[in-house]
1. From (1) assigned to a strand (DSSP E or B); (2) surrounded by 15 or more Cβ atoms within 10 Å (Cβ to Cβ), pick out the condition that doesn't hold for residue 67.
2. Which one is farthest from residue 84 (Cα to Cα), of the residues in the stretch 12-21 that are touching a residue at least 40 places away in the same chain (Cβ under 8 Å) and in contact with a helix residue (DSSP H, G or I) (Cβ under 8 Å, 6 or more places away or on another chain)?
3. Among the numbered conditions (1) surrounded by fewer than 16 Cβ atoms within 10 Å (Cβ to Cβ); (2) modelled with pLDDT of 95 or more; (3) touching a strand residue (DSSP E or B) at 6+ places or on another chain (Cβ under 6 Å); (4) farther than 17 Å from residue 175 by Cβ, tell me where residue 82 comes up short.
4. So, in the stretch 31-46, of the ones that are outside any strand (DSSP E or B) and in contact (Cβ under 8 Å) with a residue 24 or more places away in the chain, which residue ends up nearest to the chain's Cα centre (by Cα)?
5. Looking at 143, 149, 135, which is the one that is under 11 Å from residue 116 (Cα atoms) and either in contact with a strand residue (DSSP E or B) (Cβ under 8 Å, 6 or more places away or on another chain) or modelled with pLDDT of 90 or more (or both)?
6. With the condition kept exactly as written, say whether any residue in the stretch 21-28 is modelled with pLDDT of 95 or more and buried (at least 17 other Cβ atoms within 10 Å of the Cβ).
7. Could you tell me which numbered condition residue 102 fails, if it satisfies all but one of (1) under 24 Å from residue 52 (Cα atoms); (2) without any contact (Cβ under 8 Å) to a residue 40 or more places away in the chain?
């Protein structure tokens, strides 16, 4: 697992997220979709390109792609999805079904105490059904968290926040 801070990318992308969300709200709509699977997850989501300016998205992917080559040996990066967790949203402990070797999460959250992500570091002990070790990621603005995509993770949020005050992050894969 890797944690880095890349704060200079936050302001333009967070600004674009806020402008897009508020403009849609004035029209009585939202560009976010509600994703859910019973007993597994529920959150708001959209393709990052719906919110982030193309030049900023390209800069982000170039920067994260360079980081990935240097730190985890990944040559490719997926276009991120925007995830928003507000009050009532959550993700139970599960792993993603993906061919990507690594999963990345880049925080656009303004209030890091809003929630956290826990990732299993390794496997569970099947005889005792317990977690061997977890890593906790708090959503500091500009924090990049990368973990093995085969590891299970969960997302927890506190409070009853509006989307602008919730956990906001870009989510994708590296390989």
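1. Of the numbered conditions (1) assigned to a strand (DSSP E or B); (2) surrounded by 15 or more Cβ atoms within 10 Å (Cβ to Cβ), the odd one out for residue 67 is (1).
2. 12
3. Residue 82 satisfies every listed condition except (1).
4. Going through the qualifying residues, I end up with 32.
5. 135
6. yes
7. (2)
The values are calculated or read from the model by the stated rules, or taken from the named source; none is laboratory data. Not measured: the values here are computed from a predicted model. Don't worry about glycine lacking a Cβ; one is built from the backbone with ideal geometry, like all the others, and counts go over all protein chains shown.
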